[in-house]
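The values are calculated or read from the model by the stated rules, or taken from the named source; none is laboratory data. This one's a predicted model, so the numbers in the text were calculated from it and none came from an experiment. Note that each Cβ is placed from the backbone with ideal geometry, even for glycine, and that neighbours are counted across all protein chains shown. The protein model used for the area step is the full one, side chains on, heavy atoms only, and it has no ligands, DNA or RNA in it. Shrake-Rupley method; radii C 1.70, N 1.55, O 1.52, S 1.80 Å.
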Amino acid sequence: MVDLKGQYAGIKEEVDSAVLEVIESTAYINGPKVHEFQRELESYLDVKHVIPCANGTDALQIAMMGLGLTPGDEVITADFTFAATVEVIALLGLTPVLVDVDPENFNIDVDAIKKAITPNTKAIVPVHLFGICANMDEIMEIARAHDLYVIEDNAQAIGANYTDSNGNKRKAGTIGHVGATSFFPSKNLGCYGDGGAIFTNDDKLAHTIRGIVNHGMYVRYHHDVVGVNSRLDSIQAAILSSKLKRLDLYNRARQEAAKKYNEAFRGEEHIVTPVTKPECSGICDDCDCHVFHQYTLKIKNGKRDDLAKHLNENEIPCGVYYPIPLHRQKAYADTRYNENDFTVTNTLVEEVISLPMHTELDDEQIEFITSTVKAFVNG
Ligand SMILES: *Cc1c(COP(=O)(O)O)cnc(C)c1O
């Protein structure tokens, strides 16, 4: 699904020497490399504060702790996402409220959010799934009207732009009150281990979060709040600095691959390709379209599972993200949920399939993958 080895080959010298430099410096924790990367990411995202941490799941949890959410508070999020999003809500004793998603872009459905709001609702967690932003304009408007926090789960869309209704371009993850991302190796900006970060433009929240990631300390050995230990290693930060310089190039390579996939699948009766903005050619530096963390098709003739098997037999990697809606997972089942409220997710889990998507895909690979998919789906 990804080709981390091929990508590493292109940056080996730079990464190797940066990693060696950290080893020789012995500043393994909170060293200068972490601060350098933090500042580079603040500038790239045009956000006031980046707080690095240990992984994307921690980033979400710490963001919620920083906002002061407390047990009993309801947090609305998407039914169709990776479990980390809902896991941290439940872990903090908050009440997850899962809602359906949009059938076109797979992101949280705005009308479903409106229906789910109660007097106990405190926050909305949109997930920018597969690399395309949720409808942030409407989500922020709902949040303003109901005095809710918005926590963006940006683990899959780092570098994606979002143009708001006033024409302002913002980076995904910097639009809500706080954003969280993951540097898991296969993410669009991945390190060589675990890593994550929290973003915010709110000075007070940033200060609170900086203490939380460090055992609740604002002054050494004074623990003002209950915190956690969540740090980005200096070695990972050094690797991330090398890769951040290339993030736009990497995302462009993904967009180019997606465009070729789209062209190959054009006119296919049983295959629905991912949405980008209608005016977008699919190749753009500066619009709010997709950064293709995943390239995900919908297979409309019931052959999805057989196709996955066929691709595996032909040594073409593929993935089903996600095969089971969160509201049907044992850990997150809730008697308040009604199957009729999840018709989109319930359909998507039967139809979606993600094809190999990374920065090193070549034309020959794309041709082999797309012809194999088309021959099977039509056969
Ligand atoms: C990867 C991912 C996370 C978790 O990130 P980790 O770094 O693996 O903890 C959270 N949410 C989404 C949507 C993700 O894809």
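Observations on the structure shown:
Listed here are the residues, each with its yes/no results for (1) within 12 Å of the ligand (Cβ to nearest atom); (2) free of Cβ contacts under 8 Å to residues at least 24 places away in the same chain.
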residue	(1), (2)
ASN154	yes, no
ALA157	yes, no
ALA160	no, no
ASN166	no, yes
LYS171	no, no
GLY179	yes, no
PHE184	yes, no
TYR192	no, no
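- Of all the criteria given as (1) open to solvent by less than 20 Å² (accessible area, probe 1.4 Å); (2) part of a helix (DSSP H, G or I), the one not satisfied by GLU364 is (1).
- Restricting the range 212-235 to residues that are in a loop (DSSP other than H, G, I, E, B) and in contact with a strand residue (DSSP E or B) (Cβ under 7 Å, 6 or more places away or on another chain), the residue that is nearest to ASP194 (Cα to Cα) is LEU232.
- Residue selected from the range 59-85 under the condition crowded, with 19+ Cβ neighbours inside 10 Å and among the small types (Gly, Ala, Ser), by the criterion farthest from the ligand (Cβ to nearest atom): GLY66
- Of all residues in the range 334-361 being under 17 Å from ILE76 (Cβ atoms) and either in the same structural domain as ALA112 (by TED's automatic domain parsing) or over 21 Å from the mean Cα position of the chain (by Cα) (or both), the one that is most open to solvent (accessible area, probe 1.4 Å): ARG336
- Residue pairs whose Cβ atoms lie under 8 Å apart, separated by 6 or more positions or on different chains, with the first residue in the range 318-340 and in a helix (DSSP H, G or I) and the second among the polar types (S, T, N, Q), are LEU326/THR81; HIS327/THR345; GLU339/ASN346.
- So LEU326, is it at pLDDT 90 or above, within 25 Å of GLY190 (Cβ to Cβ), open to solvent by less than 40 Å² (accessible area, probe 1.4 Å) and touching a helix residue (DSSP H, G or I) at 6+ places or on another chain (Cβ under 9 Å): yes
- Which numbered condition GLN61 fails, given (1) outside any loop (DSSP other than H, G, I, E, B); (2) over 17 Å from the mean Cα position of the chain (by Cα): (2)
- Residue match in the range 86-97 (condition: within 15 Å of the ligand (Cβ to nearest atom) and in a strand (DSSP E or B)): yes
- Taken over the range 7-53, the criterion of being outside any helix (DSSP H, G or I), open to solvent by 10 Å² or more (accessible area, probe 1.4 Å) and more than 30 Å from LEU91 (Cα to Cα) is satisfied by THR26, ALA27, ASP46.
- Applying the condition of being open to solvent by 10 Å² or more (accessible area, probe 1.4 Å) and out of contact with any Asp or Glu (no Cβ under 6 Å at 6 or more places or on another chain) to the range 119-132 and asking which residue is nearest to the ligand (Cβ to nearest atom) yields ILE132.
- Only one of the numbered conditions (1) near the ligand (Cβ under 9 Å from one of its atoms); (2) over 26 Å from LYS33 (Cα atoms); (3) crowded, with 20+ Cβ neighbours inside 10 Å; (4) touching a residue at least 40 places away in the same chain (Cβ under 8 Å) is not met by GLY56, and that is (2).
- Set side by side, the residues CYS318, CYS280 differ, and just one is open to solvent by less than 70 Å² (accessible area, probe 1.4 Å) and modelled with pLDDT under 95, which is CYS280.
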